[in-house]
Structures are given as C-alpha cells and as structure tokens.
1. Would a scan of the range 164-173 turn up a residue that is in contact with a strand residue (DSSP E or B) (Cβ under 7 Å, 6 or more places away or on another chain), surrounded by fewer than 18 Cβ atoms within 10 Å (Cβ to Cβ), assigned to a strand (DSSP E or B) and on the phi < 0 side of the Ramachandran plot?
2. So in the range 120-139, with the set limited to residues that are at positive phi and at pLDDT 90 or above, which one is surrounded by the fewest Cβ atoms within 10 Å (Cβ to Cβ)?
3. Looking at the range 138-161 only, could you name the residues that are over 12 Å from the mean Cα position of the chain (by Cα), assigned to a loop (DSSP other than H, G, I, E, B) and farther than 13 Å from TRP85 by Cβ?
4. Could you list, ordered by first residue, the pairs with Cβ atoms under 8 Å in which the first is in the range 19-36 and in a helix (DSSP H, G or I) and the second is among the basic types (Lys, Arg), at least 6 apart or interchain?
5. For SER97, work out the one condition from (1) at pLDDT 95 or above; (2) under 25 Å from PRO191 (Cβ atoms) it doesn't fulfil.
6. Please tell me if ILE152 is farther than 25 Å from ALA59 by Cα, in contact (Cβ under 8 Å) with a residue 12 or more places away in the chain and β-branched (Val, Ile, Thr).
7. Just to check your reading of the model, which residue among THR7, THR113, THR91, THR75 is modelled with pLDDT under 95, β-branched (Val, Ile, Thr), surrounded by fewer than 19 Cβ atoms within 10 Å (Cβ to Cβ) and touching a strand residue (DSSP E or B) at 6+ places or on another chain (Cβ under 9 Å)?
8. Find the residue count for the range 119-137, including only residues that are out of contact with any Lys or Arg (no Cβ under 8 Å at 6 or more places or on another chain) and farther than 21 Å from GLY86 by Cβ.
Amino acid sequence: MHADRLTPDIDFPGHDKLVSAIDAAVGAGNEHAITQALRSTLCRMIRDRDVALPDCVYAPVDDHYARRELYRSPTLGYSVVAMTWGPGQGTPVHDHSGLWCVEGVWDGELEITQYELLEHDGDRFRFRAAGGMQAGPGSAGSLIPPHEYHTIRNASADEVAVSLHIYKAPMECCSMFVPEHDEWYARLAKPLETDEAH
C-alpha cells in the first residue's frame, strides 16, 4: 500500500514505474518543458509492456465517457485520469480551466479537434476549428492555456478507446461551449464527475 496514492486499492502492473516517470517529467522546469517531457514519457509508458492500466478502464459507461482518477500526487499536485470512450462518445468544445494537460491514447483511436478563440463577448465565444487529427495508440499531445480549446471523440462504431490524461492539478470543473449560430458558442460551467475505479 502506498500512502501517497489517492485510492490505495487501485493498483496495476507498472504503477510505480509510471508514477516515477511522470514525477521526473513534472520536475523538468517551465510548463513548456514539462509538457514536452510528459509527451515523451507518456508515449514511452504506453509502449512499455511493464505498464498495464487496471481492467476497469476498459469498461465503458453507457451514457457518458468515463473519467477514472488513477493517481494524485501529494507532493507535485498533478492528477492522472484514465478516460474510457465508448463507440461514438465524445466531448463538446471545452477548456481545461487554465491547467496544462498532456493526453495520450492508450488503446483504440480518438479524433481530436483544436479550436481557435477568435473573440468573446461575456459568456459568448466565437471559435473556429483549427485543425484535427486521428490519434492512435502511443500518440500524445499537450494543451497549454490559452491554447486549450478542443473536442475529443471516439469515431468508431464498435471499438472502445482509452486515453490517459495528466493534469497540472485535479480538474474538477471546466467550461463547455454550446453552439449557437455561425461560429458563436455559449459558455456553460461544467462540474466534472469521476467514475469508480477499482
């Protein structure tokens, strides 16, 4: 049992190896150096056969993509969340509440679209899609505010996808953006729930 683990009953092969590698990357310096180091670390850990995420992260939830926190660092403050995407599941345009994040595809494929903020007026925001990609296992990307607006979607009709997300701190809420007309969206506060991990 590890005293520093948020939920000591969550264990998986390579847990300590993954945490040690993330700890080393988070100590890399400024946020650009940290996210660059984490992208390399995450790609390496996804390919490392010593690291296997717990079985629960492969179980989708019917009505939403699942968020399961696997680890929270008591000393460095970061949070590691596994997300499970059932066929067709995805997010609206959203931000990361000002937190940097590194996201890696562990299994399956995800469609990621970045959005450029053109202007805003109170809680109305104008976005334009600024490029997208199909990300497969072993690929990782990072988001550093203010360039944090994006969507993620599992475009597969029958396959489950799993991604691992490392946040600067636990992300318990974000802003989501609901399309209105043309390129305008309304901002809504969205609390982020976590699903049970075991």
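1. yes
2. Top of the filtered list is GLY122.
3. Scanning the range 138-161 gives GLY138, SER139, PRO145, PRO146, TYR149.
4. So the pair list comes out as ALA21/ARG44; GLU31/LYS168.
5. With respect to (1) at pLDDT 95 or above; (2) under 25 Å from PRO191 (Cβ atoms), SER97 is out only on (1).
6. no
7. THR7
8. The qualifying residues number 8.
The values are calculated or read from the model by the stated rules, or taken from the named source; none is laboratory data. What you are looking at is a predicted structure, and each value in this text was computed from that prediction instead of being measured. Note that each Cβ is placed from the backbone with ideal geometry, even for glycine, and that neighbours are counted across all protein chains shown.
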